[in-house]
1. From the alpha carbon gyration tensor of the chain, can you work out the equivalent ellipsoid semi-axes (sqrt of 5 times each eigenvalue) and give them in Å, largest to smallest?
2. At R0 = 22 Å, how high is the FRET efficiency between R372 and F68 if r is their beta carbon distance? Nearest 0.05 is fine.
3. Cross-link list K101/K203; K101/K138; K60/K114: which exceed 31 angstrom alpha carbon to alpha carbon?
4. With viscosity set to 1.002 mPa s and temperature to 20 °C, compute the Stokes-Einstein D of the stretch 395-451, Rh being the Kirkwood radius across alpha carbon pairs; µm²/s, no decimals.
5. Rounding to the nearest 20 debye, state how big the charge dipole of the chain is about its Cα centre with +1 on each Lys and Arg Cβ and -1 on each Asp and Glu Cβ.
6. Could you give the longest part of the chain that holds none of the chymotrypsin sites (Phe, Trp or Tyr not before Pro) found in DSSP loops with at most 12 neighbouring Cβ atoms within 10 Å?
7. Contour minus end-to-end for N58 and K497, with contour as 0.36 nm per residue of separation and end-to-end as the Cα-Cα distance?
8. Along each of the three principal axes of the Cα atoms of the stretch 50-96, give the extent in whole Å, ordering the values from largest to smallest.
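The values are calculated or read from the model by the stated rules, or taken from the named source; none is laboratory data. This structure is a prediction, so every number in the text was calculated from the model and none was measured. A quick note on method: Cβ atoms are made from the backbone with ideal geometry, for glycine too, and the neighbour counts reach across all protein chains shown. Just the protein is used for accessible areas: all its heavy atoms, side chains included, with ligands, DNA and RNA removed. Shrake-Rupley method; radii C 1.70, N 1.55, O 1.52, S 1.80 Å.
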Amino acid sequence: VPQVQPRAEELSELYRELSQHPGLSAACLGPDLTTQYGGKYCSLYTEWSQRDLARAENIKFCRQYLIFHDGASIVYSGPAGTCSEIKDELLSRESPSGTLKAVLCKVPGKGKEKEKQFLEVWDQNRKVKSIDLTALDKHGSVYDDDQFGCLAWSHSETHLLYVAEKKRPKAESFFESKAPELGTSDEDTGHPKKEDAPVKGEKFVYYEDWGETLSTRSVPVLCVLDIEGNSISVLEGVPEHLSPGQAFWSPEDTGVVFVGWWHEPFRLGLRHCTNRRSALFYVDLTGGRCELLSEDTRAVWSPRLSPDGCRIIYLENNVLGPHQQCSRLRMYDWYTKHTSTVLEAVPRQARGAFPGIYCGALPGMCWAADSRRILLDTAQRSQQEVFVVDTATGTTTSLTADAPQGSWSVLTIDRDLLVARFSTPSCPPMLKVAVLPTAGHEAQTQWICLQDAPPVPGITWGIRTLQPPPEQENPQYRGLDFDAILMRPSEGPTAQKPPLVVMPHGGPHSVFTAGWMLYPAALCRVGFAVLLVNYRGSLGFGQDNVASLPGNVGTQDVHDVQLCVERVLQEETLDASRVALVGGSHGGFLACHLIGQFPDTYHACVVRNPVVNIASMVATTDIPDWCLTETGLPYKPDALPDPAQWTEMLHKSPMRYVDQVRAPVLLMLGEDDRRVPPKQGLEYYRALKARGVPTRLLWYPGNNHALAGVEAEADGFMNMALWLLKHLQ
């Protein structure tokens, strides 16, 4: 059997080459202009991100394009100049007319000064405002995340709305005494002003936060900048028990619409958790009156106002239960105050039919010019497709059904010009544009490639569907199937009979869609076949598929992966004596289960921040509800530890099978992981060491659950590839 033995230098060169492919993150269309011959054109501004291994950071850059169109089709499109790096820019937003641009940027402090945040307004060729938000001291840091953060222009283009951390009172210990700082004393008494006087005994007060990747987010407030008056005000009227975010101006600029998340009795992790109690609210600017616009017993997010200012579309889930579900699409009519359901959750995905909505957010601009149709992308089994939804009738049409197979995402739509991203497992992201056809003709959408990405040679891939055998059917949800994406090397010494790396996804309620993924592509280029398994419980297959897994983790998902592995080893020319597992989070949970439950199948294992003991995780994670839900138990915030529940959690955990493990295990842990704290991986490491199983642990400071820091990601790939090559000899 040909051996796979590229040296570390070759591996690093391969990784360097593949990691240079940029990702496409955002797009914005400028206003339509008319040429002297009557033709229409507009500019397209795009933002990309790329790993810079030398600087050990992700860099952002922008590139502009020109699109000439006649309203029905694109006549010509092409780049306008080269790309340029974007530095220190946290948020940016063009005004509705396209003549102004707001930018939130960070400026390094001089000497011992802290980093500052500035809010800038740019005219077409100059900066007209630069406001030092840090010096104004009306609030803490501005939120630049996509969970709460926003930067919204009023329709009149005179005000800007954003979200920031609430200003905290200065605090000191009981024994601290300082002379009052200059300029902070009251003119009449000479004593420090009450609002500036430090509060004694508050120095070490604990502030809750919103968990993984949101550890600096505690108490968000809505803030408004009056551009002409250079003044900032923190909006009043938001109820104390709510954390506001995802805000925008109401029609006529009379107030602000926002999503409010309940944070009583305490905050739970919010990242990737679309099941947290939240609702849509309106706060009046003049009286501070706050009005509930949606039901207050659900989870809502991604509100988007129609171009005519009449309707707000948003996504809705049930509270608690699986963190990601098949969502409902709801619509609130601003003038009739009536809420309707545009699309319900889809119980079963019929082949070729609309699969339901499984997306973390709607595109920032998602409405067609008719204020009736919206655009969204969602998982359709193991692909991602773009759909147009008629909000009046609830009909859905795929815009990508006849386009190449892979993963499609909507970046923006404006005046029915549609901008999207497309990639496949062997082709990095490319930029596509189209004109949205008139209602009823959407299936005729013609996509044009504006920025190509050459396919990566040496990789073939395909999607296969599997049906569990009768004894592995879920009695509550019979007849469910699942998918897997198999990538194979098509050249090199192992192409005829490659070793196999099995990768189940995390979540567990997420999905591998057939798009560009750096690690699988790189492993394939090294000479491994890679099997990406979308076991039952994955998104994109209907809500029944999602609901089938809670209470069955450690069995149903494990058996699905094992069935898939045995099936491809039978049906494909693969080396069954060299099979390994790679997985992160719940994928790590499955990998650790599989090497314990099926020790004869697997000969090496690499896990990143794995769940190994649900019982010990429940008290330390930012999502304790996950531990109970996936074990099949109800979650209550006031519930006390229960021995029977702990037994059930341990029973479903990989730690139960550690005595059977023989495959060498490489663990990669993020020191700052709040989701699956690194104590989980350490627990497994010690158990393996005590049993004489070859194991190695990599500890990444400054990295959280995703291990997505450029240095950690690169080092992780190198160690993973070398570990697999060493132990699959």
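1. Ellipsoid semi-axes (Å, largest first): 42, 33, 27.
2. 0.25
3. K101/K203
4. Estimated via Stokes-Einstein, D reaches 182 µm²/s.
5. Dipole about the Cα centre, nearest 20: 1380 debye.
6. 336-729
7. That works out to 154.4 nm of additional length.
8. That works out to 44, 25, 15 Å along the principal axes.
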